Amino acid sequence: MGFSTVLSTAIMALILLTMFTIVYKTNIYQWRTVYESINDLGDNHCNRLRTGISISDVRIEDSNIIMNISNTGHNSIFLRDFKYIDLIVKYKPVVEDYRIEYLLYNREPKKGYWAITRTFMEAINPLRPSTGSGALDPCEIMEVNASLSSTIDKNYTVVIVVATPDGYTAIWSGLGT
């Protein structure tokens, strides 16, 4: 055997060893990513089970809906996450098609948005919309003003859906008053 054969065999062995190492480390990284994804999915499911909200004391005044939203779960909902809370209002006259309005959170009440007007039983981490701090903690209640683009009459059927950032929903339905 000549020197060139030994050298080429050593180079081929190094190439194979490098390829094996790359494949091995890539597989470990992929399995770790899959494992972490499964853990995160489980954590999100557990958090969702610990979140709860309810809607009560709904008053409809022309184009404004004033309601109380209570945190009935075990997790706090932080003010910074309120931009991810969906407030959907579906209302329908007796004869015509229904209308759906999707309202976003805003610090100040204005048409097409919902805002916090006041809070009840705020003991820990009070909501301060003006500074953007605080949280709706368990057992706390906030009064919300949802300002629609059109008025709701007495004979309208109204459905209100509020969804938290992690997907928990509360539903209220009734007639316009």
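The values are calculated or read from the model by the stated rules, or taken from the named source; none is laboratory data. Predicted, not measured: the structure shown is a model, and the values here were computed from it. Glycine gets a Cβ as well: all are built from the backbone with ideal geometry, and neighbour counts include every protein chain shown.
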Extreme residue, farthest from residue 102 (Cα to Cα), among residues of the range 113-125 that are of a type outside the set (A, V, I, L, M, F, W, C) and touching a strand residue (DSSP E or B) at 6+ places or on another chain (Cβ under 7 Å)
125
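Need a quick list: strands (runs of 3 or more DSSP E) entirely within the range 104-177 having at least 2 residues that are free of Cβ contacts under 8 Å to residues at least 60 places away in the same chain.
Correct list: 113-120, 169-175.
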Contacts under 8 angstrom Cβ, first residue in the range 70-95 being in a strand (DSSP E or B), partner among the polar types (S, T, N, Q), 6 or more apart
70/54; 70/56; 77/51; 77/71; 77/164; 91/157; 92/157
Note: among 141, 124, just one is under 19 Å from the mean Cα position of the chain (by Cα) and either within 13 Å of residue 70 (Cβ to Cβ) or assigned by TED's automatic domain parsing to the domain that holds residue 83 (or both), namely 141
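Got a number for residues in the range 46-61 being at pLDDT below 85 and either under 20 Å from residue 113 (Cα atoms) or touching a Gly at 6+ places or on another chain (Cβ under 7 Å) (or both)? Working first, answer last.
Just the residues of the range 46-61 that are at pLDDT below 85, to begin with: 46-52.
Narrowing further to those that are either under 20 Å from residue 113 (Cα atoms) or touching a Gly at 6+ places or on another chain (Cβ under 7 Å) (or both): 48, 50-52.
Residues meeting the conditions: 4.
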In the range 122-177, anything more than 16 Å from residue 80 (Cβ to Cβ), of a type in the set (Val, Ile, Thr) and either surrounded by fewer than 16 Cβ atoms within 10 Å (Cβ to Cβ) or touching a Leu at 6+ places or on another chain (Cβ under 6 Å) (or both) is listed as 124, 151, 157, 159, 162, 169, 171, 177
